[in-house]
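Shown next, in structure tokens, is the structure this report addresses.
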Amino acid sequence: MDAKLKERFDTETKGNKVVVYMKGTAIAPMCGFSAAVAQILQSLGVKFHDVNVLADPEIREGIKEYTSWPTIPQVFIDGKFVGGCDILTELHQKGELAKMLGQG
Amino acid sequence: MEPDEIKSLLEQGLEGARAEVSDMTGGGDHFEVTIVAPAFEGLSLVERHQLVYRLLNVGGSEAIHALSLKTYTAEEWARV
């Protein structure tokens, strides 16, 4: 993929504790799955860096290539790709998400 | 896409897998899938989902718009 775009993702995901690439924003999600992810994180009192992929087609396609993951939303914690809505929900239900966020 | 089509893609693609697929809206593009497969042993959740996405060509075609996925090994399934 484009080196500049990759560098952007590297910097963004490592420079913030939690990053969510989503449709819409944390305050106004534009898709049910993005809304669900935002809600889980907010329920844990986690502030996250939100990136609205709808605002930039290059980001929207680029992030899928970056993670080999075909869908949005995509969640990163401590610079590591964690998954989408299903995985975040599952980790939350098992109590593992709170641990990953340093709340365990 | 029909639920049965997804079920057979998964069961043929993953040895010894059992899959349950339901069409959530009746529209043929929103699915809920539960899969129990030995192939998930030792894989992270991300790796399991990537495996399923590849088999179903999610992202490569627009046939599936939304997929809710639960993956288990036989051992994990026994504890559910």
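The values are calculated or read from the model by the stated rules, or taken from the named source; none is laboratory data. All values derive from a computational prediction rather than experimental measurement. All Cβ positions, glycine included, derive from the backbone under ideal geometry; neighbour counts span all protein chains shown. These area figures cover heavy atoms from the full protein model, side chains too; ligands, DNA and RNA do not enter into them. Shrake-Rupley method; radii C 1.70, N 1.55, O 1.52, S 1.80 Å.
For this structure, a couple of remarks:
- Test result for B:I64, more than 22 Å from A:L91 (Cβ to Cβ), touching a Phe, Trp or Tyr at 6+ places or on another chain (Cβ under 7 Å) and either of a type in the set (S, T, N, Q) or within 11 Å of chain A (Cβ to nearest Cβ) (or both): yes
- Cβ-Cβ under 6 Å pairs, at least 6 apart or on other chains, region B:36-51 side among the charged types (D, E, K, R), far side outside any strand (DSSP E or B) and surrounded by fewer than 21 Cβ atoms within 10 Å (Cβ to Cβ): B:E41/B:T73
- The set of residues in region A:78-104 that are under 11 Å from the mean Cα position of the chain (by Cα) and within 12 Å of chain B (Cβ to nearest Cβ) comprises A:K80, A:F81, A:V82, A:G83, A:G84, A:C85, A:L88.
- Failed item in (1) closer than 20 Å to A:Y66 by Cα; (2) modelled with pLDDT under 95; (3) within 11 Å of chain A (Cβ to nearest Cβ), with B:L55 passing the rest: (3)
- Scanning region A:57-76 for residues that are within 12 Å of another protein chain (Cβ to nearest Cβ) and in contact (Cβ under 8 Å) with a residue 60 or more places away in the chain yields a total of 2.
- Of the strands (runs of 3 or more DSSP E) lying entirely inside chain B, those carrying at least 2 residues that are open to solvent by 60 Å² or more (accessible area, probe 1.4 Å) are B:18-23.
- Region A:7-34, residues that are surrounded by 13 or more Cβ atoms within 10 Å (Cβ to Cβ) and in a loop (DSSP other than H, G, I, E, B): A:N16, A:K17, A:K23, A:T25, A:A26, A:M30, A:C31
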